[in-house]
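Here is the structure we will look at, set down as structure tokens.
The values are calculated or read from the model by the stated rules, or taken from the named source; none is laboratory data. The model shown is predicted, which means the values in this text are computed figures rather than measured ones. Positions of Cβ are generated from backbone atoms using ideal geometry, with glycine treated the same way; all protein chains shown enter the neighbour counts. SASA here: full protein model, heavy atoms, side chains in, ligands and nucleic acids out. Shrake-Rupley method; radii C 1.70, N 1.55, O 1.52, S 1.80 Å.
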Amino acid sequence: MNKNSSNIMALSPTASNKRETVCIFGTGDFGRALGHKMIQSGYPVVYGSRSTQASSLIPKDAEVLSHAEAAQKATIIIIAIQRQHYNFLTSLAEILHGKILVDISNNVKLNQYPESNAEYLAQLVPGAKVVKAFNTVSAWALQSGTLDASRQVFVCGDDMEAKQMVMGIVRALGLTPLDQGSLLAAQEIENYPLQLFPMWKFPILLSFGLVTFFFFYCLIRDIIYPYVYENKDFSFFIAISIPNRICPILALILLSLVYLPGVLAAIIQLYRGTKYRRFPDWLDKWMLCRKQLGLVALAFASLHVLYTLIIPIRSFVRWRISSQIVSQALSNKTEPLNNTNAWLSDSYLALGILGFFLFVLLGITSLPSVSNNVNWREFRFVQSKLGYLTLVLCTAHTLVYGGKWFLSPSSYRWYLPSAYMLSLIVPCTVLVVKFVLIFPCLDKPLTQIRQGWERNPQYSE
Ligand code: NAP
């Protein structure tokens with residue numbers, strides 16, 4: 001036995017020289033992959049199958065017996081069979097009495113049955129201790145060893161001892177068990193592999209909506225307006241100029257939307273005078289997807305940086321610079337350096353660089369490998385204090401971009417202000433409200449409320 005596997009055995013709760021035999025019902029894809037992994041980890045495996053004939057697909061160190069014979073050889077039986085075939089287990093109820101049945105099944109639709117598969121199994125074999133586990137790991141990942149993305153195994157069950165034993169096996173296989181409580185949690189665990197980026201839906205749909213809105217807004221202002229009034233064709237703006245307007249706008253709005261729910265929650269708590277009443281559902285959901293909102297914002301900010309870097313090599317920009325030089329040469333007049341413009345441009349760039357640097361830092365600290373290594377206070381400091389500083393820098397970057405033309409009537413086209421001015425509405429609102437909330441007359445009661453104080457306690461002594 002190699003050094004690693006002996007280490008695993010030593011860490012296992014049932015540490016002994018010989019591991020307990022595990023029975024697997026079903027020699028399908030998952031049953032075989034799990035059996036293979038278990039044998040590698042030192043568990044004797046016995047299969048319970050409808051056919052006891054040897055097959056080259058079944059791990060060669062495993063025994064294949066009838067269901068009844070196999071069940072008698074082990075305390076833990078893994079049911080690697082689809083739920084619709086569970087019925088035959090009722091005939092084995094006597095043999096399965098007191099055994100630990102591990103339900104690993106998944107469904108094809110969310111909430112496909114009124115009860116979870118694990119609860120259904122517990123109803124079919126009432127004398128057994130049912131534990132839900134392994135359903136979030138794929139047979140392919142088990143077999144190929146590519147378990148990086150799905151190392152976590154959710155485990156739930158009503159019998160504590162049974163659950164601990166299954167968690168011991170999970171650990172011995174090099175996976176991380178996560179105790180999700182009683183068997184009531186099984187439905188949620190079964191729904192988990194069927195969800196399609198649940199936390200990303202809102203940020204992506206919102207970004208899509210905002211991109212569409214700002215695309216048409218910029219199209220009207222920057223392409224249709226000059227075409228109608230000056231007969232100039234700037235349709236090529238669609239390739240770089242307009243995306244490079246939309247990306248920073250989206251980055252700023254989405255970043256401010258990461259902090260807006262926190263501000264709204266503070267107002268609600270102050271108004272209610274307690275933290276013990278639930279927030280509205282929409283606010284709860286919004287809070288849960290703040291990380292995803294921030295990451296989408298970071299993606300737009302990164303695109304803005306890339307678009308900005310290629311500005312000097314754009315044909316239109318090179319043409320504009322050379323024609324300015326030529327017109328100065330022809331008129332034999334050099335334009336003096338405008339100090340105000342130089343200050344505005346340098347400050348705008350400096351604020352953008354610093355803002356982007358902190359933006360990246362926020363993104364890095366949201367990675368599980370980093371956030372798992374900082375304590376709660378450090379995480380709060382980065383995500384809240386540095387987060388607000390990022391928002392301040394990025395908002396200032398946009399304000400300075402407007403420079404002398406900010407709010408100037410000449411910048412309106414068909415009464416429409418520049419798109420960047422619209423992007424400032426939400427971040428400025430968030431920053432102003434946050435600033436007001438810092439005042440001691442509001443900050444003090446808010447801190448007390450968050451520490452458990454109530455203005456009108458519901459349950460007074
Ligand atoms: P599978 O390849 O179709 O194998 C299912 C096995 O169930 C069959 O090989 C058969 O084994 C047994 N079986 C079929 N009909 C039966 C019946 N009428 N009565 C008794 N036993 C019957 O399916 P699988 O992919 O291994 O999946 C098995 C379970 O694991 C499912 O509940 C699935 O949701 C879950 N799961 C699978 C994966 C995956 O990546 N495949 C991942 C997570 C969870 P015998 O011929 O030996 O009797």
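Of the candidates R290, R278, the single residue that is closer than 30 Å to K444 by Cα, open to solvent by 70 Å² or more (accessible area, probe 1.4 Å) and touching a helix residue (DSSP H, G or I) at 6+ places or on another chain (Cβ under 6 Å) is R290.
Here is a check on your reading of the model: is T274 more than 25 Å from R245 (Cβ to Cβ), assigned by the TED database to the domain that holds P248 and of a type in the set (S, T, N, Q)? Answer is yes for this residue. When the helices (runs of 4 or more DSSP H) confined to segment 229-339 are screened for residues that are of a type in the set (S, T, N, Q) and touching a strand residue (DSSP E or B) at 6+ places or on another chain (Cβ under 6 Å), none reaches at least 1 such residues. Taken over segment 158-177, residues that are hydrophobic (A, V, I, L, M, F, W, C), away from the ligand (no atom under 16 Å from the Cβ) and under 24 Å from E115 (Cα atoms) amount to 3.
Exactly one residue out of P445, P368 is modelled with pLDDT under 95, open to solvent by less than 80 Å² (accessible area, probe 1.4 Å), touching a helix residue (DSSP H, G or I) at 6+ places or on another chain (Cβ under 7 Å) and over 18 Å from Y259 (Cα atoms), and it is P445. Annotation: of all residues in segment 317-344 being out of contact with any helix residue (DSSP H, G or I) (no Cβ under 7 Å at 6 or more places or on another chain) and touching a residue at least 40 places away in the same chain (Cβ under 8 Å), the one that is farthest from L252 (Cα to Cα) is T340.
Just a yes or no: is a residue in segment 317-325 within 46 Å of the chain's Cα centre (by Cα), among the charged types (D, E, K, R), farther than 28 Å from I204 by Cβ and open to solvent by less than 100 Å² (accessible area, probe 1.4 Å)?
Looking through segment 317-325, none of the residues is within 46 Å of the chain's Cα centre (by Cα), among the charged types (D, E, K, R), farther than 28 Å from I204 by Cβ and open to solvent by less than 100 Å² (accessible area, probe 1.4 Å).
Of the candidates Y401, Y415, the single residue that is under 24 Å from A299 (Cα atoms), more than 28 Å from the chain's Cα centre (by Cα) and open to solvent by 90 Å² or more (accessible area, probe 1.4 Å) is Y401. Within segment 18-31, residues that are under 14 Å from H67 (Cα atoms) and open to solvent by 30 Å² or more (accessible area, probe 1.4 Å) reach partners that are aromatic (F, W, Y) and near the ligand (Cβ under 9 Å from one of its atoms) with beta carbons closer than 8 Å, at six or more positions or on different chains, in the pairs T27/Y47.
I need a count of the residues in segment 131-152 that are away from the ligand (no atom under 13 Å from the Cβ) and at pLDDT 85 or above.
Qualifying residue count, segment 131-152: 2.
Filtering segment 398-425 to residues that are touching a residue at least 60 places away in the same chain (Cβ under 8 Å) and under 18 Å from L255 (Cα atoms) leaves T398, A419, Y420, L422, S423, L424.
Scan segment 91-125 for residues that are closer than 18 Å to G48 by Cα, surrounded by 12 or more Cβ atoms within 10 Å (Cβ to Cβ) and within 12 Å of the ligand (Cβ to nearest atom) and the total you get is 6. Contact annotation: residue pairs with Cβ atoms under 6 Å, 6 or more positions apart or on different chains, pairing a residue in segment 273-302 that is on the phi < 0 side of the Ramachandran plot with a partner that is of a type in the set (F, W, Y), are C289/F202; Q292/W200; L298/F359; A301/F356; A301/F359.
One line per residue, one yes/no per condition, for (1) at pLDDT below 95; (2) in the same structural domain as H397 (by the TED database); (3) open to solvent by less than 40 Å² (accessible area, probe 1.4 Å):
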| site | (1), (2), (3) |
| --- | --- |
| E188 | yes, no, no |
| T212 | no, yes, no |
| Y227 | yes, yes, no |
| F237 | yes, yes, yes |
| L250 | no, yes, yes |
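Number of residues in segment 27-74 that are within 15 Å of A172 (Cβ to Cβ) and within 9 Å of the ligand (Cβ to nearest atom) equals 1.
Which residue out of N338, N373 is of a type in the set (S, T, N, Q) and open to solvent by 70 Å² or more (accessible area, probe 1.4 Å)?
Exactly one of N338, N373 is of a type in the set (S, T, N, Q) and open to solvent by 70 Å² or more (accessible area, probe 1.4 Å), namely N373.
For beta carbons closer than 8 Å, sequence separation of 6+ or different chains, a first residue in segment 100-112 that is of a type in the set (A, V, I, L, M, F, W, C) and a second that is within 9 Å of the ligand (Cβ to nearest atom) and part of a loop (DSSP other than H, G, I, E, B), the qualifying pairs are V102/F134; I104/A80; I104/F134; I104/N135.
One residue stands out in segment 75-90 among those that are within 8 Å of the ligand (Cβ to nearest atom) and among the hydrophobic types (A, V, I, L, M, F, W, C): the one that is surrounded by the most Cβ atoms within 10 Å (Cβ to Cβ), namely I79.
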